[in-house]
Amino acid sequence: MEIFFPKVVNYVCTCGARKPLDVLFYCKHCFKLRCGECVSHEVDTHYCPNCLEFMTSPEARVKKNVCTTCFECPCCGIALYSRGTSKQVPSEKDPSNMVVNKAYYLMCNSCKWSTHDQSLEDQPTQSGGWPRLEAPNQDRVHQLCEYYRIVAHQEKVEKDKKRITQKCGYYISDKYGVASVAAKKYMSLQVTPRKESQKVAAECFASKASEVVDDLPSDFLEELNIDEVTNIRMRLSNPDIQPEKMSMLKMRNLKLLTKKSQRCKECGHSLRKSEYNPGSVKFKIQLSAYYHIPYVRVKQVPNLIAGREVTIELTLTNPTSHEVAVELLPMEEANTPSGSGLLFPEVTCSPQLPKGTLYLPAKDDTAEYDDPADKMDDRNDKSVVTFKRLNKLGIKMQITPKQAENVAIGLRLKHTYTNLIIQGDKREYEVLSLIHPVLLNLSHFAKNSISA
Amino acid sequence: MTSQSSLTSKYTTGAEYSLTSDKCPVVLELGRAYTKCGFAREPSPRAIIPSKVDNHEIYSYSHSSELPHLLQDFLYAIYYKHLCTNPKDRRLVVVESLMVPLEFKDTLATVLYEHFEVPAIVFVPSHLCTLYTLRLNTALVVDVGFKWTSVLPVIEGVCNLAAYKDIPLGSNEIHRRLEKFLLKFGSVRCPDGQTRFLGEVNPEILSNEDIVEDIKVRTCFVTPRERHLQAQGFEEAFCEGRQLELPTPSNVQYPLEGDKVLEIPGTLREYAPECLFEIDNEMESVATQVIDALLLCNRDSRKVLAENIVIVGGTAMIPGFRRRLKEELMALLELPQYKKHLYIDKFMFHSTPCCSNIASWLGGSLYGSTDYVGSQAFTKEQFLENKKHIPDWMDQKWKKDSVPGL
């Protein structure tokens, strides 16, 4: 698998990126390869990574992308866990009687920070009930916000007023119904900001400068225990207060994670869409190229010596449930706008590709349990094919490397693709021919041959 | 740290100001060291993350063809991991430093428009929008960043570019000095009980910027000017291992690599940030930049500017920085070359309603909440029409479209 031999076989995406087949998408509607860089990503749903609560986008927006019930440790950033304690307190009804009172607090399983360090009261319920941390300066920011909104609005009104009076000229004739539109627009400009926001804005005063500046803490010469001072990561994780001392740390609500879906930029169809349930790892739509495009892998490469002709062995796998006819075309013939060959500067060696068409049988999930004796397909050239097993075919070809290192060959994989068209009740199959440039880096195999 | 002392956070269930259904623009500030990202109308950014992709700083690219890929990966993380929002849905406010290369800006815009399909972007200069957080029109903005310290006077909402001053002093310089002296004088207690110099144990260890930054953030402070004067010849004394007759700050035991303890000399803790205020060969320091910028301004505006100084930037959060800057400014006033020209007797400072490293971001957030975004944003069509070039904020196009004096 590609995991073990990274970047041996790279397919060239429509955008020009070189990527292994298993990270590429295949758009069923434009019949083109797409990679992570040339599709548009969309945030689908939000969920909490701790309690796996599902949230829609508008809800998450209102909640500022945080989970309301889960909190994160201010020291190490992982989720805090709820712990219970029981305390004996005098009963409310009868003070002489002691009752056991259950209380819960939050604690980090990694660094043992707890809500007690922040001197928060224990909660009577296991989850929830914790107050939400708010920015200390939010009243001031709100005032400033409203103030500038009104300033901007007034400026806009003045600007538009000027424009309208200039346009209207001396008189407004209602002959063409223009006047009513202009009048309406004029009226809309008269809209004054809401009373409340005006009131808030009126409270916004300009900052007063002072000669007194923040002084250095007077104890700067005294012993400094590094464990009591927060590091920059802890400070920046709480931008509102940026605490300097460990004792000033405050827990924050846990941030939500998202599930993303991918969409083809050209035709707008979804390429991948996951299920809404945060616990599920399945997909509603999954158009990975791995399920649609024949997979080229390198089976055997002998020691590569400059100038000596050697035989390499590749395998072709058909992942679809239809027979695929494959042709291997040389890279040079590619009609590129900038001439030929130059498009792939990494190709250092041109192989002697087998001529003619190779037929790959359809993938059959049940065939795996059958007798493995496979019959050769008579249509395939026997001098090229080394073996056949189910939907996999081994082929050999000669290459003459010009150098011993950095040997990379390129070929264009031409294959048929059976597309299913459903129109109402009719199901039609359409056979298309697709070409994908493929780059094989053989240097990984130079030392010892590995069987795929 | 300025506003720090006054910032006491509270847990309340009161009014939720951002409880609106409309989609506020995204506000992004790509700083040299840290990037702040969040939504307009909010009092603080959602995340502050290092401006790095796989340990590769986005500003230090070796070739311009590298930059689009770096930005693509970086913005992907910002949008989908930190902001959890679709870039297509929201307009974008980019708070930019004045001296960002045009190439960087154009590449950023190209990636945003073409790859992320952002509907409209507006670039706002960071110095200017800092003033929104204070409701001011006129101020002298001092931005002490990672690589540079820049000073820009803003008069009645207009940047006085002629009086712009900058100097390559900032956290980076402090890091270099810490690194140099720690390698020489930092002693390490190894697990076998022996004490050796850091340079002998592992000279490569400090090339990891994170450790140096951590040491700076947790232990360093800017010493008062008085102490600085008493400790003249600081460096020589330090190098010779001579004891100064001043009480020195305590040494700090810093845990290293899990099994060693690095002893940071107390004198280094106050000596490292000194580089910001030492007069260099060209007779310049952070403080002289402020005074020089004032001198470049119109005579009438100098007094107003001196009484409205705004300090922003992450490096300004080192304890004692503001006090020292003020002391240095007062001392400079006494020098003959300034005394003759400047008739100022006091400096006054504003404190931003947030920590100073997010002040310009907050300005962008306030800007993003207004109608200006709609009228001044640059759409994709305009961008393509303009040959994939964002008009510089100081060129005529920007001037024509912008509304002066907010």
Take the conditions over 22 Å from B:Ala109 (Cβ atoms), at pLDDT below 90, surrounded by fewer than 12 Cβ atoms within 10 Å (Cβ to Cβ) and of a type in the set (Lys, Arg) and apply them to B:Lys400. Does it pass?
no
Selected residue (only one of A:Thr69, A:Thr85 is exposed (fewer than 15 other Cβ atoms within 10 Å of the Cβ) and not small (Gly, Ala, Ser)):
A:Thr85
(1) away from every other protein chain (no Cβ under 14 Å); (2) within 23 Å of the chain's Cα centre (by Cα); (3) exposed (fewer than 15 other Cβ atoms within 10 Å of the Cβ): which one isn't true of A:Leu24, the others all being true?
(3)
In this structure, does B:Gln376 turn out to be open to solvent by 50 Å² or more (accessible area, probe 1.4 Å) and at pLDDT below 90?
no
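One line per residue, one yes/no per condition, for (1) at pLDDT 90 or above; (2) open to solvent by less than 40 Å² (accessible area, probe 1.4 Å); (3) under 19 Å from B:Val124 (Cα atoms):
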position: B:Asp143; (1), (2), (3): yes, yes, yes
position: B:Lys147; (1), (2), (3): yes, no, no
position: B:Ser150; (1), (2), (3): yes, yes, yes
position: B:Ile155; (1), (2), (3): yes, no, yes
position: B:Cys159; (1), (2), (3): no, yes, yes
position: B:Pro168; (1), (2), (3): yes, no, no
position: B:Ser171; (1), (2), (3): yes, yes, no
position: B:Ile174; (1), (2), (3): yes, yes, no
position: B:Leu178; (1), (2), (3): yes, yes, no
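Matching residues to (1) within 22 Å of B:Val95 (Cβ to Cβ); (2) facing chain A (nearest Cβ under 9 Å):
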| residue | (1), (2) |
| --- | --- |
| B:Cys297 | no, no |
| B:Ile318 | no, no |
| B:Arg322 | no, yes |
| B:Leu325 | no, yes |
| B:Met330 | no, no |
| B:Asp345 | no, no |
| B:Pro353 | yes, yes |
| B:Ile358 | yes, yes |
| B:Asp371 | yes, yes |
The conditions are (1) within 27 Å of A:Thr366 (Cα to Cα); (2) surrounded by 18 or more Cβ atoms within 10 Å (Cβ to Cβ), and A:Leu432 fails exactly one of them. Which is it?
(2)
If we take the stretch A:316-413, then strands (runs of 3 or more DSSP E) inside it with 2 or more residues that are open to solvent by less than 40 Å² (accessible area, probe 1.4 Å) and modelled with pLDDT of 85 or more are A:324-330, A:358-360, A:392-399
Only one of (1) open to solvent by less than 30 Å² (accessible area, probe 1.4 Å); (2) modelled with pLDDT of 75 or more does not apply to A:His142, and that is (1)
From the list B:Leu140, B:Leu178, B:Leu198, which one is among the aliphatic types (A, V, I, L, M) and over 21 Å from the mean Cα position of the chain (by Cα)?
B:Leu198
Filter pass, B:Pro119 being outside the structural domain of B:Glu263 (by TED's automatic domain parsing), open to solvent by 40 Å² or more (accessible area, probe 1.4 Å) and without any contact (Cβ under 8 Å) to a residue 24 or more places away in the chain:
no
Consider the stretch B:289-316. How many of its residues are open to solvent by 20 Å² or more (accessible area, probe 1.4 Å), in a helix (DSSP H, G or I) and over 16 Å from B:Ser126 (Cβ atoms)?
8
Single residue of A:Leu236, A:Leu224, A:Leu256 found to be touching a strand residue (DSSP E or B) at 6+ places or on another chain (Cβ under 6 Å), open to solvent by 30 Å² or more (accessible area, probe 1.4 Å) and facing another protein chain (nearest Cβ under 8 Å):
A:Leu224
Pull out all pairs, ordered by first then second residue, where Cβ-Cβ is under 9 Å, the residues are six or more apart or on different chains, the first lies in the stretch A:416-441 and is outside any strand (DSSP E or B), and the second is hydrophobic (A, V, I, L, M, F, W, C) and surrounded by 16 or more Cβ atoms within 10 Å (Cβ to Cβ).
none
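Of the residues in the stretch A:121-153, how many are among the acidic types (Asp, Glu) and within 10 Å of chain B (Cβ to nearest Cβ)?
Number satisfying all stated conditions: 3.
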Flagged in the stretch A:11-34 as under 24 Å from A:Ala408 (Cα atoms) and among the hydroxyl-bearing types (Ser, Thr, Tyr), in numbering order, are A:Tyr11, A:Thr14
Checked the stretch B:64-79 for anything within 9 Å of chain A (Cβ to nearest Cβ) and farther than 14 Å from A:Ser40 by Cα; matches are B:His69
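If a residue must be part of a loop (DSSP other than H, G, I, E, B), open to solvent by less than 60 Å² (accessible area, probe 1.4 Å) and within 24 Å of B:Arg322 (Cβ to Cβ), how many such residues does the stretch B:249-279 contain? Can you show your working first?
From the stretch B:249-279, those part of a loop (DSSP other than H, G, I, E, B) are B:249-251, B:257-259, B:265, B:277-279; that's our starting set.
Applying the additional criterion that residues be open to solvent by less than 60 Å² (accessible area, probe 1.4 Å) yields B:249-250, B:265, B:277-278.
Narrowing further to those that are within 24 Å of B:Arg322 (Cβ to Cβ): B:249-250, B:277-278.
So the answer is 4.
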Selection count where residues are away from every other protein chain (no Cβ under 11 Å) and under 20 Å from the mean Cα position of the chain (by Cα), scope the stretch A:41-66
7
Does A:Met246 qualify as being more than 7 Å from chain B (Cβ to nearest Cβ), open to solvent by less than 40 Å² (accessible area, probe 1.4 Å) and among the aliphatic types (A, V, I, L, M)?
no
Mind checking whether some residue in the stretch B:80-103 is away from every other protein chain (no Cβ under 11 Å), assigned to a helix (DSSP H, G or I) and buried (at least 16 other Cβ atoms within 10 Å of the Cβ)?
no
Got at least one residue in the stretch A:154-162 being at pLDDT 85 or above, open to solvent by 60 Å² or more (accessible area, probe 1.4 Å), more than 7 Å from chain B (Cβ to nearest Cβ) and over 30 Å from B:Ser375 (Cβ atoms)?
no
Restricting to the stretch B:155-177, count the residues that are more than 14 Å from every other protein chain (Cβ to nearest Cβ) and outside any loop (DSSP other than H, G, I, E, B).
13
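The values are calculated or read from the model by the stated rules, or taken from the named source; none is laboratory data. Note that this is a predicted model, so its numbers are computed, not measured. Neighbour counts run over all protein chains shown; Cβ positions are idealised from the backbone, glycine included. Heads up: the accessible areas ignore ligands, DNA and RNA and are worked out on the full protein's heavy atoms, side chains in. Shrake-Rupley method; radii C 1.70, N 1.55, O 1.52, S 1.80 Å.
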